[in-house]
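The values are calculated or read from the model by the stated rules, or taken from the named source; none is laboratory data. These numbers come from a predicted model, not from an experiment. All Cβ positions, even for glycine, are placed from backbone atoms using ideal geometry, and neighbour counts span all protein chains on display.
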Amino acid sequence: MRNQALGRLTIMVGVVAAAGCTPKAPQQLVSGDAASRVYVAPGEYDELYSFMSGGFSGNVTVYGLPSGRLLKTIPVFSQFPENGYGYTEETKPMLETSYGAVPWDDTHHPQLSQTKGMADGRWLFINGNNTPRIARIDLTTFETVEILEIPHAAGGHASPFITPNSEYVVSAIRFSVPVPNVDVPVETYKQNFKGSLSFVRADQPGKMEIAFQLMMPGYNYDLGRAGKGKSDGWFFFTTYNSEQAFTNLELNASKSDKDFMAAVNWKLAEKCVADGKAKTAPARYAHNTFDHSSRQSKSEMITSVRMLMPTDCPGVVYFLPTPKSPHGVNVDPTGEYIVGGGKLASVIPVHSFTKMIAAIESKAFDGELYGIPILKYESVMAGEVQKPGLGPLHTEFDDKGNAYTSMFISSEIVKWKLGTWEVLDRMPVYYSIGHLMVPGGDNVKPYGKYVVAMNKITKDRYLPTGAELTQSAQLIDISGDKMKMLLDFPTQGEPHYAQALPASLIRDKQVKFFSLAESTHPFVTRAESEAGVSRDGRNVHVKMIAIRSHFAPDVIEGIEVGDTVSWHVTNVEQDWDILHGFAVLGMNTAEIILQPGETRTIKWVPQKPGIYPFYCTDFCSALHQEMSGYVRVSARGSGVKLTSGVSAKAATQQARAGKYAAPKPETHAHEAAQAAAKGGK
Amino acid sequence: MAPRARLLTVLAVLVGLGALVLPLWEVRLGAPQYPEGLGLQIHAHTVTGIKPNDLQNINGLNHYIGMKPILPDAIPELRYMPWLIGALIVSGALLAARGMRRGLWVWLAAFALLGAVGLWDFWRWEHDYGHNLDMDTAIIVIPGMTYQPPLIGSKQLLNFTATAWPGTGAMALGVAFFGVLATLAVTGRGRTA
């Protein structure tokens, strides 16, 4: 009843809005049951996890669908003072690149790992566009666990689309650059600039590796998708700027009637590499990995890469002419149809994989460029969707043989039928849609049911918040013949693309805490009796535990101005969702948030003498406000002895905890005595 | 007693061996912020959490009220309880195998006595944990409040609802006890009839 009332209320609001001003499109009115379709009652769960790129935030955001509720922000390429990612010693190496630490990037395309062409819930990959990188996020912890930089690359946009068994994720570049990247006049673009298509081995966690880089002509490679089913073994990339313009691209790169789609036979490329046809070229790029048992990351610099020239591996790549600066490329669930999104085109062109293979076999070529054969448009074309709207960008597929294409300029989603190419339905979206996403829309069996529009412009959709507005997503029901608008929800950063999968695939695999007993962190402090301070020249190490509701030690004296203090704080809780935070007055970095069983290290160089309180920043318990302590910082050379005391209350708690944690009381009494002696020095 | 009755009785008694491996008693704790619950299992030889770390987490919570940590190694009963149960089952099985009715009646009486003493001892421990609080370290002090968990049934202790119930081990002992009782009653009636 309440849901119906909500639905009625929504209709009334819609009617009032429509009556109160110039009428808008009728589709703005949601149908009666929309509210109940997206209502997830308190305590109940969403049907799907949806992973959205954060765009210029450098993060990934996780939303529940159909409610559109934000569940988590996962820091990937950007420092995240909210939990210390990129500030702590354990996580700083994740942001290393060949350019040094780059504390930000522009995330574009989330890509779920796949098995047999279906999202399997193991990992999420995402690209950094600005300083090309690919990250792996572990979906049992929702943490970034690996980042591989892509060398010979700029604008890692066509990334990190995946092959059906997660063999490879790719990174093709939007900005061609000289390879190696040296100082040349920009006007030597045509002879010096190259576009690299990198195939990154992805199925072994912690071992992402560039299998090969295919060196292509200096065009702009925009998006890519793997073949599947009958086209498994191929990868399709769109290019624009086959004009090879290097200035005023909006005009100069838009002149040709057709640009290309590059069809790469990656299984043949593998064979050519195995046959020694690739060259090993010098390169410099970072591979950053996160170790699960110590929960520390490390960065390695790699100094070479295998480079494959198309002419050294004949048949590895063909160009498919595709109208007007194509942006998106999407492969239908059967693998037969390859849909291009010519953003300036008046049709949606669809290529046929079967016809493409026939054209290759019959050598239906229309010349070649840089040694790469160009197939005849007519001989590879399966059909064109006529009058689809303006500015087709991306296409996703449902489970019933339909396709959904986003139209940036006419601001709508167009539903059309594969095979007949007829337009079935249109849904206006607000405003200027970029990507759209059907859950499982790139799988061999799409989940279907919904399409999410990711809109670039928000204008009047929400209460205004100054000149910069939130970005807007819209959830649309596609289970029936006609699309139904269900929900608007605001999103963070700029979600370019999203992927979603049934919650059941990952919900029950979540890590609830990290085992203290199994931690291999070099500064793990498992019990209060192991806590303490030590000095090594100008470096002071503080081993500290956090437990409800105190830190130990909680009084530290003998720090001098200019010391580098390493706070190694361990949350010794072994219980789900019991987190602690740690922050020090004037610390010039960030706070740290400690998950249960986790050790985090943050460095602090105090600049002036005084008393510096520290406290728990994550409300942990009834006595959270009491969870604090003091550091005394003295002038350099003051001679104050380094001591770490515990408060009277903490001391009795320590004695109790020590007693209880110890299988052999006498051993522990000894350790406690040692710790006490150390503290008293 | 007929051989078949003896065999059935022996089997019933041997079910009681389950008490050596299965939990004798369970105490479950639920609170608004613990939807997944916490719990203890009392075995003949030890006390464990129902989930990994439950015991540690319960001890962590109990420090707020000044309750002693539950240390299985510090509970002497847990050292000799397995031997007592073992002796009970072996002697019962021997008596049943030989069809010694009088002996089995005595065995039942001893069993009942041991059970009563065991429950009383368990209650005594609960009473000690619940009342003998360290007020110097207690953080939450509510005058007059004690925290003795129930022996059986449910009880509200601050934000926690504690529910105690016999475990599968106790049920195994029940099968042994009532198996023997039933055999004696049935075969007894048969002889007088």
Among all residue pairs at least 6 apart or on different chains, which show Cβ distances below 9 Å where the first residue, located in region B:54-67, is within 14 Å of B:Ala162 (Cβ to Cβ) and at the interface with chain A (Cβ under 7 Å from one of its Cβ atoms) and the second is surrounded by fewer than 21 Cβ atoms within 10 Å (Cβ to Cβ) and modelled with pLDDT under 90? none
Applying the selection to region A:574-591, what residues are in a strand (DSSP E or B) and either farther than 17 Å from A:Arg548 by Cβ or within 14 Å of another protein chain (Cβ to nearest Cβ) (or both)? A:His580, A:Ala583, A:Val584
In region A:239-292, which residues are modelled with pLDDT of 95 or more, of a type in the set (Ser, Thr, Tyr) and surrounded by fewer than 18 Cβ atoms within 10 Å (Cβ to Cβ)? A:Thr280
Within region A:538-558, does at least one residue satisfy the condition of being in a loop (DSSP other than H, G, I, E, B), at pLDDT 95 or above, within 14 Å of chain B (Cβ to nearest Cβ) and closer than 24 Å to A:Glu89 by Cβ? no
Check A:Trp567 against each of (1) free of Cβ contacts under 8 Å to residues at least 24 places away in the same chain; (2) not in a helix (DSSP H, G or I) and name the one condition it does not meet. (1)
Please enumerate the residues belonging to region B:3-59 that are farther than 25 Å from A:Trp576 by Cα, assigned to a loop (DSSP other than H, G, I, E, B) and β-branched (Val, Ile, Thr). B:Val21
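Output the residue which, of all residues in region B:23-38 that are surrounded by 21 or more Cβ atoms within 10 Å (Cβ to Cβ) and within 14 Å of another protein chain (Cβ to nearest Cβ), is farthest from B:Gly153 (Cα to Cα). Talk me through it step by step, then tell me what you get.
Step one: of region B:23-38, the residues surrounded by 21 or more Cβ atoms within 10 Å (Cβ to Cβ) are B:23-24, B:27, B:29, B:38.
Remaining after also requiring within 14 Å of another protein chain (Cβ to nearest Cβ): B:29, B:38.
On the way: B:Leu29: 12, B:Leu38: 16 Å.
Filtering first and then ranking leaves B:Leu38.
Return yes when B:Trp125 is away from chain A (no Cβ under 14 Å), under 16 Å from the mean Cα position of the chain (by Cα) and not in a loop (DSSP other than H, G, I, E, B) and no when it is not. Walk me through it before giving the result.
Working: away from chain A (no Cβ under 14 Å): yes; under 16 Å from the mean Cα position of the chain (by Cα): yes; not in a loop (DSSP other than H, G, I, E, B): yes.
Judged against the criteria, B:Trp125 is a match.
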Can you pull out every residue in region B:161-181 that is among the polar types (S, T, N, Q) and part of a helix (DSSP H, G or I)? B:Thr168
Condition first: more than 17 Å from A:Pro205 (Cβ to Cβ) and surrounded by fewer than 21 Cβ atoms within 10 Å (Cβ to Cβ). Can you find one or more residues in region A:108-116 that meet it? yes
Is it fair to say B:Thr163 is on the phi < 0 side of the Ramachandran plot, of a type in the set (Ser, Thr, Tyr), touching an Asp or Glu at 6+ places or on another chain (Cβ under 9 Å) and more than 14 Å from chain A (Cβ to nearest Cβ)? yes
Among the residues that make up region B:138-151, is at least one of them more than 14 Å from every other protein chain (Cβ to nearest Cβ), free of Cβ contacts under 8 Å to residues at least 24 places away in the same chain and either basic (Lys, Arg) or not in a loop (DSSP other than H, G, I, E, B) (or both)? no
Identify, from the list B:Leu133, B:Leu184, B:Leu119, the residue that is aliphatic (A, V, I, L, M) and part of a loop (DSSP other than H, G, I, E, B). B:Leu133
For A:Phe77, indicate whether it is touching a Gly at 6+ places or on another chain (Cβ under 6 Å), surrounded by fewer than 22 Cβ atoms within 10 Å (Cβ to Cβ) and among the aromatic types (Phe, Trp, Tyr). no
When you scan region A:479-508, how many residues do you find that are out of contact with any helix residue (DSSP H, G or I) (no Cβ under 9 Å at 6 or more places or on another chain) and closer than 19 Å to A:Glu396 by Cα? 12
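Collect the residues in region A:444-490 that are part of a strand (DSSP E or B), polar (S, T, N, Q) and at pLDDT 95 or above, keeping them in residue-number order.
A:Asn455, A:Gln474 - these are the residues of region A:444-490 that are part of a strand (DSSP E or B), polar (S, T, N, Q) and at pLDDT 95 or above.
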Is it true that A:Leu594 is of a type outside the set (Phe, Trp, Tyr), closer than 27 Å to B:Tyr34 by Cα and either within 14 Å of chain B (Cβ to nearest Cβ) or in contact with a Ser or Thr (Cβ under 9 Å, 6 or more places away or on another chain) (or both)? yes
Give the number of residues within region A:517-537 that are closer than 26 Å to B:Ile139 by Cα, within 14 Å of chain B (Cβ to nearest Cβ) and surrounded by fewer than 23 Cβ atoms within 10 Å (Cβ to Cβ). 2
Do you know which residues across region A:598-630 are assigned to a strand (DSSP E or B) and either within 14 Å of chain B (Cβ to nearest Cβ) or within 30 Å of A:Asp291 (Cβ to Cβ) (or both)? A:Thr599, A:Arg600, A:Thr601, A:Ile602, A:Lys603, A:Trp604, A:Phe614, A:Tyr615, A:Gly629
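Would you mind stating whether B:Ile70 is facing chain A (nearest Cβ under 10 Å) and under 17 Å from B:Val27 (Cα atoms)?
Yes, satisfied.
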For region A:573-587, check the following and say yes or no: at least one residue is surrounded by fewer than 22 Cβ atoms within 10 Å (Cβ to Cβ), over 34 Å from the mean Cα position of the chain (by Cα), more than 28 Å from B:Thr137 (Cβ to Cβ) and at pLDDT 95 or above. no
When you scan region A:390-436 for strands (runs of 3 or more DSSP E) that lie fully inside it, which ones turn up with 2 or more residues that are buried (at least 20 other Cβ atoms within 10 Å of the Cβ) and among the polar types (S, T, N, Q)? A:402-407
Regarding A:Thr144, is this residue touching a strand residue (DSSP E or B) at 6+ places or on another chain (Cβ under 7 Å) and outside any loop (DSSP other than H, G, I, E, B)? yes
